[in-house]
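Note sheet for the following structure.
No lab work stands behind these numbers, since they all come straight from the coordinates. Everything numeric in this text was worked out from a predicted model, so none of it was measured. Cβ coordinates were reconstructed from backbone atoms using ideal geometry, including for glycine residues, and neighbour counts include every protein chain displayed.
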Amino acid sequence: MPEAIGYQHFPPAIFVLQFFIGGGKWLFLAISDLFFTYLPVNHMRLHFLCLLLVLAPVKKALMAGDRPNIIFIMIDDHSYQTIGAYGGRLQFLNPTPQLDKLAEQGMRFERCYVENSICAPSRATLLTGKMSHQHGKYSNKQNVVFDHHQQQFQKLLQKAGYQTAMIGKIHLDGDMQGFDYWDVLLRQGEYLDPQFLSPNGVEVAKGYVTDIVVDKALDWLQNGRSEEEPFMLMVHQKAPHRPWIPAKKYLDLYEEIEIPEPDNFWDDYEGKASAAAQQEMTIAQHMRLSSDLKIEPETSPRYQRIGFDGRFSPRHEKYRELSLSEEESTRLYYQLYMKDYLRCIKSVDDNVGRLLDYLDHSGLAENTVVVYTSDQGFYMGEHGWFDKRFMYEESFRTPLIVRWPAVIKPQSVNQELVQNIDFAETFLDLAGLDIPADMQGQSIVPLLRGKQPNDWRDHLYYHYYEYPGPHAVRRHEGVAGKRYKLYDFMEKMS
């Protein structure tokens with residue numbers, strides 16, 4: 001039996017029941033005999049026809065109004081430590097005023113985690129609602145291919161009448177499916193003059209990638225969609241992925257500020273698994289002086305093509321001839337890394353503000369769910385590291401902020417265990433669709449509504465596969481609750 005979900009207000013003697021049937025919506029009109037006692041018999045049929053004609057657009061408006069729009073903003077390697085709303089040692093810099101505003105108006109999740117802290121697998125997880133060993137893209141390696149023909153949440157939204165669009169970084173080679181419109185960065189994407197791939201082919205877009213992605217998103221919102229149907233727009237940025245190239249206008253931002261080091265910056269890994277000491281992702285030893293730190297000129301054709309050298313020539317002159325001790329060099333590298341990373345974040349934050357301004361001024365804000373997250377966390381010098389991969393907190397945990405003015409109480413904070421396997425289920429739930437049984441996450445919509453489900457999870461599973469590989473982080477799996485984690489580092493690839 002269909003489930004009645006509410007009455008709608010219509011003229012006297014008419015009442016309407018709205019139903020969900022298999023993910024679609026139906027309206028049932030019940031018209032009392034009393035209504036017709038006021039009509040001449042010879043006009044009854046005409047008035048009834050007119051009534052249906054009047055109610056037809058009302059039905060359409062109800063159906064569209066009940067299903068919120070969705071804007072899903074995902075950033076590449078954005079650490080929660082560099083978002084002001086999350087507090088911490090960098091909050092004094094006020095690095096993210098627009099994201100702080102988003103958190104002020106919505107809900108901040110304190111315990112959102114990933115199931116595999118690496119780029120492409122994380123993106124496959126958010127599309128499928130499944131863990132890496134289920135969707136098949138468990139590694140960034142080229143020979144581990146994502147099957148685009150499998151079930152993905154945007155395909156289900158598209159079938160249900162949502163307009164679907166994807167703009168920016170997808171990092172999953174192959175046939176884009178389930179999107180009415182797509183314009184994606186080619187492979188990893190470049191910071192300057194990036195190449196975009198669409199059904200029309202490859203095009204070079206002049207400018208800074210973070211601005212361009214939102215330019216394209218705003219153009220689609222204003223000119224590329226129908227106002228008659230709800231939409232789901234994915235705005236996925238390249239920044240602040242390595243090699244952290246800031247916009248030209250922010251090259252000097254934070255230049256005179258000393259960025260505080262984390263308490264465990266000089267970690268000697270005593271008492272930790274041997275994998276912690278055997279990695280190759282320390283700021284002291286594993287950062288490139290050229291493309292990462294921009295101390296030495298970069299001579300590769302790739303960076304020459306995008307004007308890398310001209311942008312950082314003053315830095316080459318300032319630092320390349322310095323004679324520093326190992327400790328002094330490490331501290332300098334940390335400062336250079338952190339400032340370039342935070343400069344990239346500044347552009348990300350600016351462009352979040354552009355999207356929010358559009359929603360506010362267009363009247364779409366009230367019925368649009370804005371979701372902000374990252375594909376994983378990132379080390380900001382903790383343990384002496386950059387990059388991700390480990391199940392340690394800084395890369396395992398990722399930011400999640402959601403604004404839904406019609407539903408979420410402002411300044412809300414949630415402490416439940418949430419994971420990136422939950423995103424697909426959440427988007428389907430927002431659209432009023434059934435969640436497929438083979439998806440492995442849970443919809444967070446009840447949490448957004450301020451409810452506390454009795455069956456919410458009390459632990460999470462994690463598995464990192466890419467070993468041997470970049471940064472030499474050993475394959476490991478683990479479980480995590482709110483207080484403890486249990487790891488298993490594997491000596492050999494199985």
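How far, in nm, would the chain grow between Asn223 and Ala437 when pulled straight, counting 0.36 nm per residue and subtracting the alpha carbon separation?
The Asn223-Ala437 span can extend by a further 73.4 nm.
Taking the highest mean first, how do the peptides 98-106, 160-168 order by number of other beta carbon atoms within 10 angstrom per residue?
In decreasing order of mean packing, 98-106, 160-168 become 160-168, 98-106.
I'd like the FRET efficiency for Trp456 and Leu186, computed as 1/(1 + (r/R0)^6) with the beta carbon distance as r and R0 of 45 Å, rounded to 0.05. Write down the numbers at each step before the final one.
Values: r = 40 Å, r/R0 = 0.89.
Here the calculated transfer efficiency is 0.65.
Taking 0.36 nm per residue of separation and subtracting the Cα-Cα distance, what length does fully extending Lys159 through Ala273 add?
The Lys159-Ala273 span can extend by a further 36.3 nm.
Could you order the peptides 338-350, 224-236 from most to least packed, using the average number of other C-beta atoms within 10 Å per residue?
338-350, 224-236
Ranking Ser290, Ser395, Ser117 by Cβ neighbours within 10 Å, fewest first, what do you get? Walk me through the numbers on the way to the answer.
Numbers: Ser290 19, Ser395 26, Ser117 29.
Placing the least packed residue first, the sequence is Ser290, Ser395, Ser117.
Going toward the positive end of the dipole of the stretch 399-444, with +1 on Lys and Arg Cβ and -1 on Asp and Glu Cβ, which of Val402, Pro436, Gln419 do you reach last?
Val402
What residues of the stretch 252-272 lie in the reach of a label at Arg483, counting those whose backbone N is under 12 Å from a point 7 Å from the Cα along Cα→Cβ?
none
Could you sort out which of Lys130/Lys451; Lys272/Lys451; Lys249/Lys272; Lys272/Lys346; Lys130/Lys482 sit more than 32 Å apart by Cα distance in this structure?
Distance filter (> 32 Å) returns Lys272/Lys451; Lys249/Lys272; Lys272/Lys346.
Sorted by average packing, counted as other Cβ atoms within 10 angstrom per residue and highest first, what order do 264-277, 367-380 take?
The densest-packed peptide leads the list: 367-380, 264-277.
Take His133, His383 and order them by how many other Cβ atoms sit within 10 Å, fewest up front. Could the numbers behind the result be given before it?
On the way: His133 13, His383 22.
If I rank by nearby Cβ atoms, fewest first, I get His133, His383.
Tell me which trypsin sites (Lys or Arg not before Pro) from the stretch 406-477 have a DSSP coil assignment and no more than 15 other beta carbons within 10 Å of their own.
On the way: sites: Arg449, Lys451, Arg457, Arg474, Arg475; in loops: Arg449, Lys451, Arg457, Arg474, Arg475.
Those satisfying the criteria are Arg449, Lys451, Arg457.
Do any of Lys238/Lys388; Lys141/Lys388; Lys137/Lys159; Lys216/Lys238; Lys159/Lys216 go past 18 Å between their Cα atoms, and which?
Lys137/Lys159; Lys159/Lys216, as the Cα separations exceed 18 Å there.
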